[in-house]
Structures are given as C-alpha cells and as structure tokens.
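Novice: One structure, as structure tokens, below. Some questions next.
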Amino acid sequence: MTNRLASCSCGKLTVHTRGEPVRISICHCLECQKRTGSAFGAQARFPDEAVSIDGPSTVYTRIGDSGGSARFHFCPTCGSTVFYRLDAAPGMVAIPVGGFADPGFPQPRISIYEARRHAWVQLPDGVERID
C-alpha cells in the first residue's frame with residue numbers, strides 16, 4: 001500500500017494518506033486560480049478513512065458556482081492550503097497535489113472548467129475534459 005505525506009510550507013500541518021487517490025483532477029476555475037496563485041489547481045481526493053491529519057488549521061469556506069461549499073484548511077502560520085472538503089464529495093478529503101512535493105505523483109485524469117483554461121496550458125493525452 002502506498003503511503004504519502006502532504007504538508008504546508010512550515011511543516012506544522014500535515015496529512016498522511018494510505019492507498020491511491022480515488023480521483024486526481026485539475027481545476028481551471030477562476031477561484032482555484034486565485035487560491036493557488038497559478039493557472040489552475042491540482043488536487044487528489046482520498047476517502048476519509050485513508051487520511052490522517054495532524055496540526056492546527058484555519059478554515060475558509062467558499063460557496064461555489066453550484067451553490068455548494070468548499071471548506072479550505074490552511075496553516076495558520078505559513079498560509080499553505082493543505083486540504084479541503086467539498087459538499088459535492090462527502091466522505092472525501094481533497095489535497096492539493098503540490099502539498100505532496102512529489103514529482104512522481106500520478107498525473108491527473110480529469111480537467112474541469114476547461115472553458116477557463118489558459119490557452120498555453122497543455123494537458124496529458126487521455127485526460128477527460130469537462131466544461
């Protein structure tokens with residue numbers, strides 16, 4: 001079984017995962033662009049039972065285009081978003097892929113909000129695209 005560690009920049013908030021993610025995706029929505037400071041957000045979802053969280057977090061809740069909420073947990077010291085929970089995915093924890101700091105992390109299989117994707121962003125072959 002694969003075990004992974006994701007953390008904030010200062011290391012005070014960590015997430016340990018067991019097994020493979022059930023979904024790895026890229027989101028091009030404008031809110032993910034703002035949240036990450038990048039052209040997209042990349043996240044991996046794991047079932048609650050495959051995740052253990054250590055350390056303090058501050059929560060920011062955002063209401064999405066669909067009306068559902070996302071609760072982003074970030075480190076109160078360094079500000080890194082380490083995990084979040086989506087109303088649309090109960091029983092799951094979403095973890096930004098960059099928090100794993102692992103260039104060998106599996107590639108995304110889904111790309112959402114394609115209509116807001118920057119024209120210069122190229123995705124791997126075979127990625128499912130959802131507008």
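The values are calculated or read from the model by the stated rules, or taken from the named source; none is laboratory data. Since the structure is predicted, the reported quantities are computational estimates derived from the model, not experimental observations. Reconstructed Cβ throughout: ideal geometry from the backbone, glycine too, with neighbour counts over all protein chains shown.
Novice: Failed condition for LEU86, given (1) surrounded by 15 or more Cβ atoms within 10 Å (Cβ to Cβ); (2) in contact (Cβ under 8 Å) with a residue 60 or more places away in the chain; (3) of a type outside the set (Gly, Ala, Ser), with all others met?
Specialist: Condition not satisfied by LEU86: (2).
Novice: Return the residues of the stretch 61-74 that are in contact (Cβ under 8 Å) with a residue 40 or more places away in the chain and farther than 16 Å from VAL97 by Cα; say none if nothing qualifies.
Specialist: none
Novice: Residue by residue through the stretch 78-92, note down the ones that are modelled with pLDDT of 95 or more and either touching a Gly at 6+ places or on another chain (Cβ under 9 Å) or among the basic types (Lys, Arg) (or both).
Specialist: Listed by number, the residues that qualify are CYS78, SER80, THR81, VAL82, PHE83, ARG85.
Novice: With touching a residue at least 12 places away in the same chain (Cβ under 8 Å) and in contact with an Asp or Glu (Cβ under 7 Å, 6 or more places away or on another chain) as the only criterion, which of THR77, THR58, THR36, THR2 stands out?
Specialist: Exactly one residue qualifies, and that residue is THR2.
Novice: Being under 18 Å from SER25 (Cα atoms) and loosely packed, with under 12 Cβ neighbours inside 10 Å is true for just one of GLY79, GLY91, GLY99. Which residue is that?
Specialist: GLY91
Novice: With respect to PHE40, determine if the residue is hydrophobic (A, V, I, L, M, F, W, C), out of contact with any Gly (no Cβ under 8 Å at 6 or more places or on another chain) and either surrounded by 15 or more Cβ atoms within 10 Å (Cβ to Cβ) or modelled with pLDDT of 95 or more (or both).
Specialist: It is true that PHE40 is hydrophobic (A, V, I, L, M, F, W, C), out of contact with any Gly (no Cβ under 8 Å at 6 or more places or on another chain) and either surrounded by 15 or more Cβ atoms within 10 Å (Cβ to Cβ) or modelled with pLDDT of 95 or more (or both).
Novice: When the residues of the stretch 1-37 are narrowed to those that are of a type in the set (Gly, Ala, Ser), in a loop (DSSP other than H, G, I, E, B) and at pLDDT 95 or above, which ends up nearest to ARG62 (Cα to Cα)?
Specialist: SER9
Novice: Given the conditions (1) over 27 Å from GLY126 (Cα atoms); (2) touching a His at 6+ places or on another chain (Cβ under 8 Å), which single one is not true for PHE40?
Specialist: (1)
Novice: What do you reckon, is GLY19 closer than 26 Å to LEU123 by Cα, surrounded by 15 or more Cβ atoms within 10 Å (Cβ to Cβ) and among the small types (Gly, Ala, Ser)?
Specialist: Here the answer is no, as GLY19 does not meet what is asked.
Novice: Determine which single condition VAL51 fails, assuming it passes every other condition in (1) in contact (Cβ under 8 Å) with a residue 60 or more places away in the chain; (2) surrounded by 14 or more Cβ atoms within 10 Å (Cβ to Cβ).
Specialist: (1)
Novice: So, one more: Looking at (1) modelled with pLDDT of 95 or more; (2) at positive phi, which one does ILE95 not meet, given that it meets all the others?
Specialist: (2)
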